[in-house]
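One structure is given here, and the rest of the page talks about it.
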């Protein structure tokens, strides 16, 4: 008896959760916000640096696919920093931490700023004896931090839209 009650409760919860589902990607995603410029704050000519801005732009564009007629426009400046991490006890492994900081600015249709927020993502990489392996690891760490930055920015933007009772669709 109790088992049937639990199954019925879970089914009811599952069905009620599905009724308010709004996809984050592609068709049916948010149409009230469009992605403007996503750029690096300062180009330091590190390998793959501009790729991060492209990766973040594409990730945000998937979540906010609107082109024209959106109520809000997102702009994002990205700053990258890198620092050494402590060695292990034996001194055989050295790691570097790559951190991306994104400054989100959302403008309304009158170009008035309605949100200015800071999001951050990090990823670490082992420094290898072979320079090519280190470069490849740094590129992967930068891309990993870029994907995490897209997730952090998307969460912050959805929080903003929801807290201001802005519908995700027109």
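The values are calculated or read from the model by the stated rules, or taken from the named source; none is laboratory data. Fair warning: this is a prediction, and the values are worked out from it, not measured in the lab. Cβ atoms come from the backbone with ideal geometry, glycine included; neighbour counts cover every protein chain shown.
Can we say residue 100 is part of a helix (DSSP H, G or I), touching a residue at least 12 places away in the same chain (Cβ under 8 Å) and either farther than 16 Å from residue 38 by Cα or in contact with a helix residue (DSSP H, G or I) (Cβ under 8 Å, 6 or more places away or on another chain) (or both)?
For residue 100, the condition - part of a helix (DSSP H, G or I), touching a residue at least 12 places away in the same chain (Cβ under 8 Å) and either farther than 16 Å from residue 38 by Cα or in contact with a helix residue (DSSP H, G or I) (Cβ under 8 Å, 6 or more places away or on another chain) (or both) - is not met.
Take the residues in region 160-170 that are in contact with a strand residue (DSSP E or B) (Cβ under 9 Å, 6 or more places away or on another chain) and part of a helix (DSSP H, G or I), then tell me which one is modelled with the highest pLDDT.
The extreme case among them is 160.
As an exercise: evaluate residue 38 against (1) within 17 Å of the chain's Cα centre (by Cα); (2) surrounded by 19 or more Cβ atoms within 10 Å (Cβ to Cβ); (3) more than 22 Å from residue 140 (Cβ to Cβ); (4) at pLDDT below 85 and give the number of the one condition it does not meet.
Failing condition for residue 38: (3).
For a quick check of your reading of the model, give me the residue pairs whose first member lies in region 39-66 and is closer than 15 Å to residue 145 by Cβ, whose second is modelled with pLDDT under 80 and exposed (fewer than 13 other Cβ atoms within 10 Å of the Cβ), with beta-carbon atoms closer than 7 Å and at least 6 apart or on different chains.
Pairs that qualify, where the first residue is closer than 15 Å to residue 145 by Cβ and the partner is modelled with pLDDT under 80 and exposed (fewer than 13 other Cβ atoms within 10 Å of the Cβ), are 49/43.
For the condition surrounded by 11 or more Cβ atoms within 10 Å (Cβ to Cβ), in a helix (DSSP H, G or I) and modelled with pLDDT of 70 or more, what is the one hit in 3, 54?
None of the others qualify; the one that does is 54.
Could you grab me the full set of residues in region 105-155 that are touching a strand residue (DSSP E or B) at 6+ places or on another chain (Cβ under 6 Å) and part of a helix (DSSP H, G or I)?
Residues satisfying the conditions are 134, 137, 138, 141, 142, 144, 145, 148, 149, 152, 153.
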